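Each value in this text was obtained by applying a stated rule to the coordinates, not by laboratory testing. This one's a predicted model, so the numbers in the text were calculated from it and none came from an experiment. Here the Cβ is made from the backbone with ideal geometry for all residues, glycine too, and neighbour counts use every protein chain on show.
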Amino acid sequence: MDKDQRAAFLNSQSVCAMIEAMGMQADNKQREFKGEAVAYPKEAFDGLQVKYGISHNQATALLMED
């Protein structure tokens with residue numbers, strides 16, 4: 001991949017992470033409304049960065065590849 005393709009890939013991965021986070025948040029809200037414990041704690045949301053390769057270090061490494 002060239003630099004533009006890597007940037008586009010990071011963008012698409014960010015969108016995927018956002019979509020998953022929105023679903024997780026909706027599930028948490030539904031469970032909260034029912035008086036149940038949340039299904040996804042903060043750590044689950046934080047883990048999406050690593051799962052999709054968009055953490056600072058991962059993104060920087062991808063963009064700096066030759």
Per the Kirkwood treatment, what hydrodynamic radius in Å, one decimal, follows for the chain from the mean inverse distance over all distinct Cα pairs?
13.1 Å
For the range 41-53, in residue order, the Karplus 3J(HN,Hα) values (coefficients 6.51, -1.76, 1.60; θ = phi - 60°; whole Hz; Gly and Pro = x) are x, 3, 4, 5, 5, 4, x, 5, 4, 6, 4, 9, x
How high is the relative contact order of the chain? Use alpha-carbon pairs under 8 Å, at least six apart in sequence, and give a whole percent.
42 percent
With a sphere of radius 11 Å drawn around the Cβ of Gln13, what net charge do the other residues whose Cβ falls strictly inside it have (Lys, Arg +1; Asp, Glu -1)?
+1
